[in-house]
Amino acid sequence: MAVAFDAVGSATSLTSATATISWTHTAGTGGSCGIVAVCWSDASWPPTVNSATYGGVAMTLLASQASNNNTLGGILLWGFTGGANGANTVTVTFSAAPSDILLGNSVSFTGASALGTAVKAAAAASPATVTVTGTTSGNMVVAAECHGSNGSSTTWGTATSRFDNEHGVNTGASNISGATAAAGGSVTMTGTLSVSDWNGIIAVEVQAGGPPATSANAGVATSAASAPQPGIAGQVTSQGVPVNTHATSGSVTGTWPTGSSQVAGRLLVAVVTSAAATSTAALNTPSGWTKQLEEPNSATAHSRSVIYTKTAAGGDSAPAFTSTLSGTGAMDCMLFELIGADTTTITDTSGVFASGSSSGTLANATFTATTSGTPHAGSFAIAVFNQERAAANLTFADSGTGWTKILNGNGVSSVCQTAILVQNPPTSAERSRPVLDRHDRVRHGDRLRVPARRPGCFRGGRRGGSGRHRPGAGRHRPRGGGRRRGRGHCGQFQAVHHRPVRQ
């Protein structure tokens with residue numbers, strides 16, 4: 001059965017000036033697979049997402065893209081499979097309301113049961129364009145874009161426009177539009193803006209084949225070895241919305257992501273940092289967890305970053321981590337539940353640190369396993385940077401491309417300042433390494449790779465803000481991505497790569 005367009009949430013999209021945007025999507029019979037796009041119109045990027053659901057079921061974040069790879073807003077794309085027919089409530093909640101507005105919409109399809117790998121791009125001027133390669137005839141491609149200054153409409157050439165909301169000029173993501181096109185080979189989705197400005201675009205193939213149409217958080221396995229991995233075919237995805245836990249002592253207990261269910265057989269990842277004015281001791285390893293790598297800045301460490309993994313038994317308790325902190329100190333912890341990752345083989349680890357006023361840079365990976373140095377598409381990567389310094393509320397500037405920060409400075413005044421970035425999924429075999437820049441003494445980098453479902457790749461980092469004023473309608477825009485100088489002792493930078501399990 002060929003994939004066909006089913007329904008759209010609204011012809012003009014929905015808007016909300018609060019932290020939550022919500023609307024009703026009415027799917028026809030068989031319209032159980034679709035995407036949800038939301039623009040974060042704000043003078044900052046990225047936002048913190050608390051939850052995203054369709055009919056009360058958590059959706060999978062397919063990709064996010066900053067407008068013009070900068071810091072003045074952007075677009076996020078979620079996917080759902082196995083959604084109920086009829087009226088369903090779409091709800092996306094952020095940690096705070098944006099300075100301007102939220103814009104969102106949804107599109108569902110019949111005859112579909114899986115979503116491909118999302119592809120994204122950004123530009124400083126019209127058009128917003130991206131190419132999805134290797135698509136299959138009978139499937140469909142859907143794209144959504146955000147842009148700066150509003151005009152009369154966004155046109156999509158031979159593709160079919162599905163929604164268009166020309167809202168305003170306040171940020172680089174004050175407007176949203178979306179379209180669909182028949183799949184088959186390479187499909188280029190091009191949205192031509194009536195007022196040329198910054199933009200970001202994400203596209204994905206909606207597939208007729210793949211695993212049964214189930215929601216991304218459905219399925220309970222009877223054993224780790226036979227656990228089903230619903231989600232996006234050939235791609236490792238993160239279940240739920242990760243939450244950071246900050247503790248002002250030498251003990252921190254993680255918090256499961258919003259929407260996470262710890263399904264047996266999935267890969268659980270814990271990213272933990274510690275920092276103290278005098279020193280931090282090596283962290284413990286909770287029962288059932290494996291410490292994949294721990295990177296201190298020196299023998300008498302002021303800061304540590306640690307990555308742990310575990311195969312979920314089902315309904316697992318959130319782990320606690322401890323470190324002996326000398327002097328004023330603190331700890332951060334973020335947990336992930338990954339769908340589609342191979343839990344049996346860790347095939348790549350590496351590490352690096354820098355000090356003084358230099359940056360923490362993730363160097364090229366050194367592959368020693370059967371991958372023979374070839375990254376694979378569908379991977380999921382996590383990078384963490386940790387800095388110890390006098391208590392402050394800091395942010396980090398990333399000068400790589402392709403990464404999305406989900407934690408930037410942890411939002412509290414503390415001696416332990418943490419930044420966490422993710423990339424899902426990678427889209428090319430060679431991409432820029434991520435660089436987190438803070439002017440303090442020490443930076444670290446580590447990498448861990450896990451086999452995944454389908455060959456592809458990982459590498460990259462999203463470019464941070466340029467600190468420039470964004471053009472468009474002559475409006476003065478806030479500065480983004482600036483660096484804050486200060487005295488400090490140490491920082492850490494680590495990355496975790498997961499490639500999908502073989503089918």
*May I ask you to list the residues in the range 104-138 that are in contact with an Asp or Glu (Cβ under 7 Å, 6 or more places away or on another chain) and on the phi > 0 side of the Ramachandran plot?*
none
*Looking at (1) part of a loop (DSSP other than H, G, I, E, B); (2) surrounded by fewer than 17 Cβ atoms within 10 Å (Cβ to Cβ); (3) modelled with pLDDT of 75 or more; (4) of a type in the set (A, V, I, L, M), which is the one condition that is false for ALA363?*
(3)
*Return the only residue of GLY288, GLY329, GLY351 being modelled with pLDDT of 80 or more, among the small types (Gly, Ala, Ser), open to solvent by 40 Å² or more (accessible area, probe 1.4 Å) and in contact with a strand residue (DSSP E or B) (Cβ under 7 Å, 6 or more places away or on another chain).*
GLY288
*Considering every residue within the range 301-313, establish whether at least one is over 16 Å from ASN410 (Cβ atoms), assigned to a loop (DSSP other than H, G, I, E, B) and free of Cβ contacts under 8 Å to residues at least 60 places away in the same chain.*
no
*asked:* Step by step: first the residues of the range 265-281, then only those that are hydroxyl-bearing (Ser, Thr, Tyr) and in contact with a His (Cβ under 9 Å, 6 or more places away or on another chain), then the one that is farthest from ASP332 (Cα to Cα). Which residue is that?
replied: THR278
_Checking VAL90 against (1) assigned to a strand (DSSP E or B); (2) aliphatic (A, V, I, L, M); (3) open to solvent by 30 Å² or more (accessible area, probe 1.4 Å): exactly one of these is not met. Which one?_
(3)
_Just checking, does the range 21-34 include any residue being open to solvent by 10 Å² or more (accessible area, probe 1.4 Å), closer than 26 Å to ASN244 by Cα and at pLDDT 95 or above?_
yes
_One residue from SER274, SER238 being under 16 Å from the mean Cα position of the chain (by Cα) and open to solvent by less than 20 Å² (accessible area, probe 1.4 Å)_ = SER238
*What number goes with the only condition from (1) touching a residue at least 40 places away in the same chain (Cβ under 8 Å); (2) over 18 Å from the mean Cα position of the chain (by Cα); (3) open to solvent by 30 Å² or more (accessible area, probe 1.4 Å) that ASN50 does not pass?*
(2)
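Okay, residues lined up against (1) part of a strand (DSSP E or B); (2) open to solvent by 20 Å² or more (accessible area, probe 1.4 Å); (3) in contact (Cβ under 8 Å) with a residue 24 or more places away in the chain:
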{"site": "ALA121", "(1), (2), (3)": "yes, yes, yes"}
{"site": "VAL132", "(1), (2), (3)": "yes, no, yes"}
{"site": "VAL141", "(1), (2), (3)": "yes, no, yes"}
{"site": "SER149", "(1), (2), (3)": "no, no, yes"}
{"site": "ALA173", "(1), (2), (3)": "no, no, yes"}
{"site": "SER186", "(1), (2), (3)": "yes, yes, yes"}
{"site": "MET189", "(1), (2), (3)": "yes, no, yes"}
{"site": "THR192", "(1), (2), (3)": "yes, yes, yes"}
{"site": "GLY200", "(1), (2), (3)": "yes, no, yes"}
*Kindly indicate which of ALA96, ALA58 is among the aliphatic types (A, V, I, L, M), more than 28 Å from LEU193 (Cα to Cα) and open to solvent by 30 Å² or more (accessible area, probe 1.4 Å).*
ALA96
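The values are calculated or read from the model by the stated rules, or taken from the named source; none is laboratory data. None of the values given here were measured: they were computed from a predicted structure. We place every Cβ from the backbone using ideal geometry, glycine too, and count neighbours over all the protein chains shown. Side chains are part of the model used for accessible areas, which takes the heavy atoms of the whole protein and leaves out ligands, DNA and RNA. Shrake-Rupley method; radii C 1.70, N 1.55, O 1.52, S 1.80 Å.
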